[in-house]
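The values are calculated or read from the model by the stated rules, or taken from the named source; none is laboratory data. Note that the structure is predicted; figures quoted are calculated from it, not measured. No Cβ is skipped: glycine too gets one built from the backbone with ideal geometry, and neighbour counts run over all protein chains shown. Remember, those area values only see protein heavy atoms, side chains included, never the ligands or the DNA or RNA. Shrake-Rupley method; radii C 1.70, N 1.55, O 1.52, S 1.80 Å.
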Amino acid sequence: YVPPQIRKAQEALDDKKREELGRLKKMVNGLINRLSEPNLSSISGQMEELYMANSRKDMNDTLTDILMNACVTSVAMPTRLLMEHVLLVSILHHNVGIEVGAHFLEAVVKKFDELCKSDAEGKECENLLALIAHLYNFHVVHCLLIFDILKKLVSAFTEKEIELILFLLKNVGFSLRKDDALALKELITEAQRKASTAEKKFQDQTRVRFMLETMLALRNNDMRKIPGYDPEPVERLRKLQRALVHSSGSGKDTQLRVSLESLLSADQAGRWWIVGSSWSGAPMISDTKSQTQQKLHVGKVSSKIMELARKLRMNTDIRRSIFCVLMMSEDFMDAFEKLLK
C-alpha cells in the first residue's frame with residue numbers, strides 16, 4: 001500500500017522527470033540534426049556539456065534512440081552521414097567515457113541480430129552493419145566483433161548473407177587484414193568451403209564468385225580489384241577525430257574487446273566491459289539447488305555413529321561426513337587423508 005500523499009509526490013516526480021527527458025531529447029535532436037563535418041567540433045563540445053549536466057543513463061538512452069531513428073531506415077543511408085554520426089559517438093566514447101560507445105554498440109548489435117532473424121526486406125540490415133563497421137573504423141570496437149559477425153554470416157550463407165559479407169568486407173576488409181591477418185585467412189578458407197558445398201543451392205553464381213574474388217583480393221592486399229573502394233573519407237575523418245579527442249590515449253586502448261555472444265547475452269550475463277556496471281545476478285555462480293550435492297564416502301558407517309551425528313545436529317552431508325571421519329579414524333594421518341578425500 002502506498003499512502004496518497006506519497007503517491008502524489010511520486011506522480012509529480014514522474015511528470016517532472018518526463019518533462020526533463022522531453023526537453024533533453026529536443027536539445028539532443030537539435031544538435032544531431034545540424035551535425036556535419038565542419039561543425040562536428042562545436043556539436044561534440046555541446047554534447048559533452050550535456051553529458052556533464054545530465055544523468056549519463058538519460059543521455060545514453062536519448063542519444064542512442066535519436067541516432068537509431070536517424071540512421072536505421074528502410075532505404076540505404078548515405079555513407080557520409082553514417083560516418084559523421086558514428087564519429088560523434090566515437091569522440092564522446094573517448095572524451096566522456098566508454099559507456100557511451102558501449103550503450104550505442106549494444107543497441108545496434110541487438111537490432112541487427114533481430115532483423116537478421118526476421119528476414120526484413122528493407123535496407124535496415126545494411127545500415128546497421130555500416131554503423132558497426134564505422135564503430136570499428138573509428139576505434140570504438142575491436143575487430144573481434146567484426147570477425148564474429150562475419151563467421152555468423154558465413155555459417156548461414158544465403159544470398160542475403162553474401163550481400164552483407166560483401167558490404168562489410170568492402171568497408172573494413174583492409175583494416176581487418178592489418179589487425180588480424182590469420183583470422184581473415186581462416187574466414188576466407190571457411191567461405192571457400194561453404195561456397196563449394198552450396199554451389200547447387202544458388203541459381204545466380206556470380207555473387208558467390210564475386211565475393212570469393214573480393215576475399216582473395218583482400219588476402220593478396222590488392223585494392224584495385226575491389227570496385228568502389230575508397231579509404232580517403234575514413235582517413236580524413238580519422239584525422240579530425242585525432243584533433244578532437246582530448247586524451248592522448250585515443251587509440252586502440254579504449255576499444256571494446258567484446259564478442260557478439262557477450263553483447264547479445266548482456267541482459268542475462270551482465271556487461272563486464274563497462275567498469276562499474278551494476279549486476280544484480282551472479283552469472284559466474286550456477287544455481288546451487290540444481291547442483292547435485294557431492295556425497296563424501298567414508299566407507300561403511302555404523303548406525304550408532306549416524307545416530308550420534310543426528311543428536312549433535314550434523315544436519316548436512318558434509319558435516320556428517322567430517323564427523324564420521326573424526327570419530328572413526330585410526331590416527332591423525334588416517335583422518336587427514338580421509339578429510340582430503
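Below are the figures for this structure:
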quantity	calculated
Whole-Hz couplings from phi, Karplus 6.51/-1.76/1.60, listed for region 59-70; x for Gly and Pro	5, 4, 4, 5, 4, 4, 4, 5, 5, 5, 5, 6
Crossing angle, helix 159-179 versus the chain [Cα axis fit, 0-90 degrees, rounded to tens]	90 degrees
Rg in Å to one decimal, and Dmax rounded to a whole Å, for region 51-128 via C-alpha atoms	13.1, 41
Solvent-accessible heavy-atom area per residue, rounded to whole Å², over the chain at 1.4 Å	59 Å²
Residue among 152, 185, 17 with the largest mean-square fluctuation in a Gaussian network model of the chain, springs linking Cα atoms under 10 Å	17
Long-range HN-HN contacts of residue 256 with modeled amide H, under 5 Å	141, 142
Using θ = phi - 60° and Karplus 6.51 cos²θ - 1.76 cosθ + 1.60, couplings along region 229-239 (whole Hz; Gly, Pro as x)	7, 9, x, 4, x, 5, 4, 5, 6, 5, 4
Cross-link partners of residue 225 among aspartates and glutamates (Cα-Cα below 14 Å; sequence separation of 8 or more within a chain)	213
Proximal aspartates and glutamates to residue 110, defined as alpha-carbon separation beneath 19 angstrom and excluding residues fewer than eight positions away on the same chain	61, 65, 99, 119, 121, 124, 126, 148, 161, 261, 267
Set 111/178; 16/57; 117/178; 17/111 screened for pairs whose C-alpha atoms are more than 25 Å apart	111/178; 117/178; 17/111
Using θ = phi - 60° and Karplus 6.51 cos²θ - 1.76 cosθ + 1.60, couplings along region 3-16 (whole Hz; Gly, Pro as x)	x, x, 5, 6, 4, 4, 4, 5, 5, 4, 5, 4, 4, 5
Accessible area (Å², 1.4 Å probe, nearest 10) - residue 139	40 Å²
Residue 212/residue 246 FRET efficiency (R0 51 Å; Cβ-Cβ; nearest 0.05)	0.70
Mean residue ellipticity (222 nm) of the chain, computed from DSSP H runs ≥ 4 via -39,500 (n - 2.57), nearest 500	-22000 deg cm²/dmol
Relative contact order %, the chain, counting alpha carbon pairs below 8 Å whose residues are six or more apart	15 percent
Solvent-accessible area, 1.4 Å probe, carbon plus sulfur percent, for the chain	54 percent
Residue 261 versus residue 74: modelled label distance in nm, points set 7 Å from Cα along the beta carbon direction	3.6 nm
Chain lengthening between residue 61 and residue 225 when straightened (0.36 nm per residue, less Cα-Cα)	54.9 nm
Residue 20 versus residue 39: modelled label distance in nm, points set 7 Å from Cα along the beta carbon direction	2.8 nm
Charge dipole (the chain, unit charges on Cβ, about Cα centre) - positive-most of 97, 108, 316	316
Value of D in µm² per second that Stokes-Einstein yields for the chain, Kirkwood Rh from Cα pairs, at 10 °C (1.306 mPa s)	65 µm²/s
